[in-house]
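S.K.: This is the structure, below, for whatever I ask next.
Any read-out appearing in this document is the output of simple, stated calculations on the displayed coordinates, not a laboratory observation. These figures come from a predicted structure and were not determined experimentally. Using ideal geometry, Cβ is built from the backbone for each residue, glycine included, and neighbour counts are taken over all protein chains shown.
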Amino acid sequence: MDHPLPSGQDLQLQACRRAFLRRSGVGAGAAALALLESRRGGGLFAQAGAAAIDPAAVRSAAARVHPPLPGLPHHAPRARSVIYIHPNGGPSQIDLWDHKPKLKEYFDKDLPPSVRGDQRLSTMTSGQQRFPVAPSKFKFEQRGACGRWINAELLPHTAGIVDDLALVKSVFTNAINHDPACTYVMTGSEVPGKGSLGSWLAYGLGSENDDLPAFVVFTPQPDINPSQALFTRMWSSGFLPTRFTGVAMRGSGDPVLYLPNPDGVTRADRRVMLDALSTLNARGHDRFHDPETQTRIAQYEMAFRMQASVPDLVDLSGETAQTLAMYGDDVTKPGSFTHSLILARRLVERGVRVVQILHRGWDHHGNLPNDLKAQCLDTDQATAALVKDLKARGMLDDTLVVWGGEFGRTVYSQGTLNADTYGRDHHPRNFCMWMAGGGTKGGTVLGETDDFSYNIVENPVDVNSFNATLLHLMGIDHERFTFKFQGLDQRLTGVEEQHVLKSLLA
């Protein structure tokens with residue numbers, strides 16, 4: 001006998017019963033788990049080194065707009081915020097950091113097959129008849145007390161802060177093209193759909209500022225190759241709740257799209273409208289239990305708060321003339337790399353957790369000497385100024401600055417080689433990244449490559465080990481930091497074994 005279909009009222013009652021059981025079950029389970037964890041001095045509400053739960057600290061965290069997850073950080077953090085500078089396109093390690101003086105003897109000679117081995121090449125050079133070695137035409141010098149070799153011709157300002165940098169010369173990745181390589185360096189996987197580094201940190205640690213997003217992104221426009229693609233998945237939350245996606249700040253017009261009120265709508269009007277909308281959305285969430293409804297409520301509220309906080313953020317009138325001069329001429333030019341970096345400092349100064357600056361135009365398949373020089377001219381002074389500025393304010397101790405692209409460049413020239421110009425193809429087998437501040441040991445170097453900067457010969461570092469180290473400095477054990485998705489405990493650092501680079505830690 002067929003059963004009659006339930007009425008709309010029956011369905012609603014069933015939904016209410018399910019919702020009640022779900023809420024009460026989860027609440028009871030969470031309370032029991034919290035009690036058990038508190039008895040053994042760890043778990044959900046335990047802080048690093050704490051002997052017991054601090055009720056005031058729990059209440060304080062719960063009252064924040066961006067609270068941390070219960071139980072985080074896992075251990076005492078060395079850094080409270082991250083500024084991540086990403087030169088998008090693959091900066092040439094041979095022309096910037098990986099000094100190879102013996103290459104001058106190999107100018108225009110074919111790269112020995114024993115060096116190249118069976119490593120795959122991109123389609124842009126795999127059909128070349130020759131692979132002529134192209135030594136860097138720029139001058140390297142040893143700088144700082146650490147004696148770091150650096151291209152002081154292209155990076156004169158960065159050369160002045162080498163004692164503050166922890167350099168890794170042996171980073172590698174499996175991806176040989178930009179899209180998967182960028183996705184991998186920022187999400188820990190070449191497969192799209194995973195959460196980005198900034199989103200993971202915002203999700204786990206929240207932010208100390210209630211009036212700004214926990215994760216902010218800048219995409220300054222360079223003069224060289226400004227049309228190079230940037231993939232939004234590099235700051236997307238992926239499978240994490242969407243409120244942890246990075247908020248992009250623009251270089252022209254309104255800093256954040258759709259933030260100002262329309263003409264004729266006052267701030268008081270907006271408050272009344274948002275309160276009513278929040279009430280309606282809350283009812284919708286109680287009925288359908290869609291987590292994205294909560295995200296929508298939070299985003300509307302954050303937009304309202306940003307209407308007051310963003311104008312103060314971008315107002316540089318309080319900066320000293322000395323500070324502005326240190327960053328460079330473009331410091332007051334919205335949309336420039338320099339302007340983005342001083343705003344990055346102002347953001348972390350206000351308690352924002354993660355600031356990401358993606359500077360495109362580093363994909364130099366041809367005309368590398370001229371184009372690389374232009375990119376360094378656009379970024380070198382401001383990058384060094386950021387580190388010096390943070391240090392002068394006492395902020396470098398707990399602010400981690402990261403610099404690195406998605407892969408390196410080949411030692412051989414792509415296309416025609418002559419004494420004045422050359423190009424380089426993608427090279428994922430080794431490239432350079434550095435960290436400064438935030439508990440790192442300045443003046444250190446990890447890893448080494450062969451005489452051709454083609455193969456790693458000492459201490460290879462997977463991108464995900466680099467990210468595991470970053471998480472460690474922020475107080476997070478990367479193996480315990482997971483999110484259940486598609487039946488798996490997903491991690492930023494993937495499923496393969498990774499390790500913290502302890503030699504970089506102060």
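S.K.: Please give the peptides 381-394, 283-296, 201-214 ranked by average Cβ packing (other Cβ atoms within 10 Å per residue), highest first, as a rough proxy for protection.
M.R.: With the highest mean Cβ count within 10 Å placed first, the list reads 201-214, 381-394, 283-296.
S.K.: For PHE485, enumerate residues with amide H under 5 Å from its amide H, sequence gap 5+ or separate chain, H modeled in the peptide plane.
M.R.: GLN490
S.K.: Here is a follow-up. Could you work out how far apart the two model spin labels at ALA276 and LYS333 are, taking each label as a point 7 Å from the Cα in the direction of the beta carbon, and quote it in nm?
M.R.: 4.6
S.K.: If I stretch the segment between ASP210 and GLN294 completely, what's the gain in nm (0.36 nm per residue apart, minus their alpha carbon distance), one decimal?
M.R.: 28.6 nm
S.K.: While we're on this one: Tell me, what HN-Hα J-couplings in whole Hz come from the Karplus equation 6.51 cos²θ - 1.76 cosθ + 1.60 at θ = phi - 60° for each residue of region 436-450, using x for Gly and Pro?
M.R.: 9, x, x, x, 8, 9, x, x, 8, 9, 10, x, 8, 10, 6
S.K.: Here's a follow-up. Could you list which residues have their amide H under 5 Å from that of HIS365, counting only those 5 or more apart in sequence or on another chain, with H placed in the peptide plane?
M.R.: ARG424
S.K.: Something else: As an exercise, take the mean of 1/r over every pair of distinct alpha carbons in region 410-493, invert it, and state the Kirkwood radius in angstroms.
M.R.: 16.0
S.K.: Taking amide H atoms as placed 1.01 Å from N in the peptide plane, list the residues 5 or more away in sequence, or in a different chain, whose amide H sits under 5 Å from that of GLU406.
M.R.: GLY89, GLY90
S.K.: To continue, here is another question. Please list 231-239, 495-503 highest first by mean number of surrounding beta-carbon atoms within 10 Å per residue.
M.R.: Most protected by this proxy first, the peptides run 231-239, 495-503.
S.K.: I'd like the Karplus ³J(HN,Hα) series for region 322-328: coefficients 6.51, -1.76, 1.60, θ = phi - 60°, whole numbers in Hz, and an x wherever there's a Gly or Pro.
M.R.: Going residue by residue, I get 5, 5, 4, 5, 5, 6, x Hz, with x marking Gly and Pro.
S.K.: Do any of LYS194/LYS484; LYS137/LYS373; LYS139/LYS373; LYS441/LYS502; LYS137/LYS391 go past 21 Å between their Cα atoms, and which?
M.R.: Pairs exceeding 21 Å: LYS137/LYS391.
S.K.: As an exercise, use a Förster radius of 30 Å and the Cβ-Cβ distance of SER503 and SER122 to find the FRET efficiency, rounded to the nearest 0.05.
M.R.: Efficiency computed from Cβ-Cβ geometry: 0.40.
S.K.: Next question. Region 357-446: which chymotrypsin sites (Phe, Trp or Tyr not before Pro) are DSSP loop and have at most 13 other beta-carbon atoms within 10 angstrom?
M.R.: none
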